[in-house]
Every structure is written in structure tokens, then in C-alpha cells.
Amino acid sequence: MALSNSTSPRNAETDVAIVGAGPVGTLLAILLGRQGKRVTLVERWTQAYDRPRAVTYDHEIARILATLGIDSENDPAISYHDELYYWKDAKFENLQIVDWQSTSASGWRVRYWFNQPQLEKRLTRIADGLPTVTQLRGWQGVALEQDADGVTLSLQRNTEEAGAAAENRTLRARFVVGADGANSFVRKSLGIENEDKGYFFDWLILDMIPHGPYDMKPAQWQLCDPKRPTTIVPGGPGRRRWEFMVLPGESIEELQTPERAWELLKPWGLTPDNATLERSAVYRFQASWAKSWNKGRCALAGDAAHLMPPFAGEGMCAGVRDAFALGWRLNAILEGRLGMEVLDSYTSERLDHARHYIDFSQELGKIICISDEKQAAERDARMKVELAARNNQPVPTDICQLGSGIWCGESAHAGELSVQGLVQARGKQDRFDQAVGQGWILIGLDADPAAALTGAQQRQFASLDGMAVRVGAPGTACDAVDIEGTYARWFAQLDAKYALLRPDFYVAITAKTPEALQRRFDKVMAQLHLQTAPAEAMA
């Protein structure tokens, strides 16, 4: 099927239909709706699920949420703990220490804790305020057909809900995104297969609301006891979570009863008299991914595209990254700036990135999910030696690079999340994203970055609504004052003078000279499949 790059609506009722109104789908609807795109958000259930699921996110997600005005440092629904993350053996001796205490290079803390229903309500309220976003709740997809100019989505009322009568309708969209969970209707309709790593562990999740202050030290840790591997972490302000591995031979039905939950919680000082059991459920931790995340005018995001064990706290984070990566691509395609080919880089970049965290989470699980005492003793001895060899210093969180795509491999730091510092710009002192903005941003350290491009390249950059920002030390002529010297240190580390940042905050290019910048700029522009010729971009 030949796909059309035409920007005309072609009788489409909506620009993008998003199936699934969880945090991933709703975030994508916001990112598109804020740019005036017509979005239809299709959700099977009329009411949002009001129980906790994800409870943590990292610095990159905090950076993304900040673009919506959600400040993870000063929000009553979000918390953080200035503590390290410990893994301990059955004797409560340290096996591993991870740095969840620092501020990341991207300007936010490494780790935050939250309540997912509260975050979803916040996102839904933002979406409700966007006039071009329509929400269809109580509807589910039953068929999908796409052609060169759009996608026809057949919908059906969800009659599993009380009082819902059978009803059918169709929806014509220019693009469809499946953010509809692990059993994705969109993925199945597209015939996209899953790659399953055959990784299955059942864990009991207990979400608790203590009736008063509950001081757990450390606040976030893993108990690697073969008799019952256990995770103990915050669940957002005023909440705590315990996760207990289901042991061989145990009954899942019996384990998730309230009586059994209170029995497991008794050693931790929680009883029905001093706490509320908000949720008790057994989840199967899995590791899998869709083999492709885009096909024609359709794409996948969130659990529809990947599943990972929770041991790295990156499951929902990966879905939020999906929405952010799709958002700028779809906005640009719908505006006629980029060709549809740019969706292929969504798969190549995000699939490899998510696989890194799937593999990482699975390896952590292999360490944690040991119920054999002999194997656990061998693990404990090995990990204690490794910890002592680095003088009990915490290991930093890892830096993950995108898969191949819209970034230049010969550039230092390209394909990685950009550094962010405190700047003074436009009469405002804040993190760079909030003071300067978001989009295609070309930074020059003590240099005019636009002047380093050729005339044709300047016109290409203008066609992307790019911003050229000269960063300099206090007292110098610049667009953004590098208040704490963050950018001076970063560029010195890179041995560079220029950096091109993408709308998702990833680095596309770094370069030391105008010649190197121009050469690498051309490579990235070619990967974008620009639809506006340089001569037309100034019109």
C-alpha cells in the first residue's frame, strides 16, 4: 500500500484516533491537542480505574511532565526521598546500593513517587480543557482498516458496563495509535507479533494507606530473602507499597485475600487498626515487546508495544517516552513539515531503548527472584565482594541511548538525553526547558549557532520552527545565561561548541566547528524527510 503524504483531511473526522485513555494515550492526546490537532481518545471504560498501578518515575518523566506545568518538586500528589536505594539480604546486610538520591544531569531528581489514579485525573483534566480533543468513553475498537490516506476504525459500545446498550459506529482518522494495553486490539488488528522472552514471575502487590506517619528506613529497598523476596517502596504521598513474590506451590487465590495480606504485613507493623488495604492483587511480571511499533498510518505505544518487570521502575516511564516521541513526529507530519517515513524512526529508536530497560529489569529480577537458599547464599557472597570492592559506593543510574534514527552517530552524546541547567532567559530564571522552551533548539556556547549554518540550512531550521540560542556565562552577551556553569561544563566534556536538541530533549548533534555542524546537520535533516524545500521555508 502506497502511503500519501498529503496534508489534506481526506474527509477524516479526526487527525489522530488514540485507542486507550490511560496515562500514555491521554498524554499523547494532550501533546497533539495543544498544537490544535483534532484528537479522538477512545476508551473502553467510562470511568478510570481508581486503584494504584505504577508508583514511580524517573528524571526524564519529570522533565516531560514539567512541559504540562506539573512540577514534581512542588506537587502535593508527588513525593521524593533523599535516600539511596538498597538491596539487602535476609540478615539486612547490604548487597547493592543504587543512587536514587542525586539530581540527574537533565535537571530533575533521579526518582519520584506518585499515585497513578491522581496523575491520570490530572492528565484527564488537561485533556478536557483542550477544545480539539474529543473523548469517547465506553467504546472499544472491533475492526481497523487503513488505506493510503487514512484509517477507518470500527467501534462498539462496551456492553460489559451496566446499562450500556449495543451500539456501533465508525471513525475515520488520518492516523491511529494503539495505547490499549498488553492485549492491544490495535496491535492484533495490524498483525504485529510479540517477541516474548518467556519471563514469568507472579508477585502479590499490596498498596497501603497508613492512618498516621509511617517512617520506613530505608524508604526504598529490596529484601532479597529467599524465604520471601520482597519489595518495600513508597506509593506516593501518604502511601506505601509492599510486593511479595509468590513462592512455588502457593495458591494465588488464597494469597491475595485480605486475611493473607494482613498476615504478611504484620512483621512490618501494619494492621487493620492502623492502615487501610487499598489494593491486594497478584500480577504476573513479563518481558516482551512488539516486533514493530508502526505500520502504515498506525502506531503502538505503552503496554501495547512492550511489557517489562518492575524492578527498575521503568515500565510506565517507557510508555510516557513513547507518547513524547510520537507526539512531535505526528504534529510535524500533520503540519506538512515532515514525511510519514519519520514514523519508521519511532520504531527503531524507541524499540531498542525499551529493550535495554526490559533486559535490565529482567537481569535485576534474576537477582531478586531467588527462592533457593543455596543459590541465594552464593549470590549474597558474590554481591558483597563486589560492593566492598568499590568501598560501598552507590552505583549511578544508567544512561541509555536511542536506537538508530534521527541523530548523528559521530557526535558525542548524540542519541542520549540532553543535559539541562539553570539559566536566565527572557526575563526568567528557571531550568532551560521552562525558561527557553521546547522544540528543535540549536545551542551555541559563547557563539551564535545560527551563524554557523549555511543559508539553506537556516531556512531548513526555520521550517521546523527551530530556535537558535546562544548560551554564555553571566556578564556576557547571550540569549541564555548559564547561571551555574552547567553548559560550560557539558560542552567542555563533549569538546564541542554546538548542540542540536530535539523536541523530546534528546541530542541530535554535537559539533566543535561550523564545518562539522553543517555536515552533521545535513545528515539529520535527511533523516527527517523534510517536506518543505529550503527555498520555500522562508515563505
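The values are calculated or read from the model by the stated rules, or taken from the named source; none is laboratory data. Remember, predicted model here, so these are calculated numbers, not experimental data. Neighbour counts run over all protein chains shown; Cβ positions are idealised from the backbone, glycine included. Note: accessible area is taken over every heavy atom of the protein model, side chains too, but ligands, DNA and RNA are not part of it. Shrake-Rupley method; radii C 1.70, N 1.55, O 1.52, S 1.80 Å.
Here are a few things to note about the model shown:
- Filtered by the rule that a residue be without any contact (Cβ under 8 Å) to a residue 60 or more places away in the chain and within 30 Å of N274 (Cβ to Cβ), segment 185-213 gives a lone residue, P213.
- Which listed residue is more than 21 Å from M525 (Cβ to Cβ), of a type outside the set (K, R) and surrounded by fewer than 17 Cβ atoms within 10 Å (Cβ to Cβ), from G427, G409, G439: G427
- Single residue of A287, A325 found to be at pLDDT 95 or above and open to solvent by less than 10 Å² (accessible area, probe 1.4 Å): A325
- Taken together, V24, V39 contain a single residue that is modelled with pLDDT of 95 or more, open to solvent by 10 Å² or more (accessible area, probe 1.4 Å), aliphatic (A, V, I, L, M) and under 30 Å from R431 (Cβ atoms), which is V24.
- Comparison of A66, A48 shows that the only residue that is open to solvent by 20 Å² or more (accessible area, probe 1.4 Å) and out of contact with any Leu (no Cβ under 8 Å at 6 or more places or on another chain) is A48.
- Residue in segment 447-460 that is in a loop (DSSP other than H, G, I, E, B), touching a strand residue (DSSP E or B) at 6+ places or on another chain (Cβ under 6 Å) and either among the β-branched types (V, I, T) or surrounded by fewer than 19 Cβ atoms within 10 Å (Cβ to Cβ) (or both) present: yes
- Conditions (1) touching a residue at least 24 places away in the same chain (Cβ under 8 Å); (2) within 26 Å of D359 (Cα to Cα); number of the one not met by F175: (2)
- Being aliphatic (A, V, I, L, M), more than 24 Å from the chain's Cα centre (by Cα), surrounded by 15 or more Cβ atoms within 10 Å (Cβ to Cβ) and within 25 Å of Q220 (Cβ to Cβ) is a condition met by at least one residue of segment 83-94.
- Filtered residue count, segment 343-369, keeping only those that are closer than 20 Å to G403 by Cα, β-branched (V, I, T) and surrounded by fewer than 22 Cβ atoms within 10 Å (Cβ to Cβ): 1
- Flag if L144 is within 30 Å of G339 (Cβ to Cβ), in contact with an Asp or Glu (Cβ under 9 Å, 6 or more places away or on another chain) and at pLDDT 95 or above: no
- Residue pairs whose Cβ atoms lie under 6 Å apart, separated by 6 or more positions or on different chains, with the first residue in segment 144-162 and under 18 Å from T14 (Cα atoms) and charged (D, E, K, R) and the second modelled with pLDDT of 95 or more and part of a strand (DSSP E or B), are E145/T152.
- Positions within segment 227-245 being over 23 Å from the mean Cα position of the chain (by Cα) and open to solvent by 20 Å² or more (accessible area, probe 1.4 Å), in sequence order: K227, R228, G238
- Restricting attention to segment 461-491, the residues being over 17 Å from L517 (Cα atoms) and in a strand (DSSP E or B) number 4.
- All positions within segment 99-114 that are in contact with a Pro (Cβ under 6 Å, 6 or more places away or on another chain) and either of a type in the set (A, V, I, L, M) or modelled with pLDDT of 95 or more (or both): W113
- So G150, is it out of contact with any Leu (no Cβ under 9 Å at 6 or more places or on another chain), more than 21 Å from G33 (Cα to Cα), modelled with pLDDT of 95 or more and open to solvent by less than 70 Å² (accessible area, probe 1.4 Å): no
- Test: residue in segment 479-495 that is buried (at least 21 other Cβ atoms within 10 Å of the Cβ), in contact with a Leu (Cβ under 8 Å, 6 or more places away or on another chain), closer than 28 Å to D322 by Cβ and in contact (Cβ under 8 Å) with a residue 40 or more places away in the chain: no
- Of the residues making up segment 220-255, those that are part of a loop (DSSP other than H, G, I, E, B) and under 21 Å from N115 (Cα atoms) are Q220, G235, G236, P237, G238, R239.
- Among residues of segment 291-322, those that are crowded, with 24+ Cβ neighbours inside 10 Å, modelled with pLDDT of 95 or more and small (G, A, S), counted: 7
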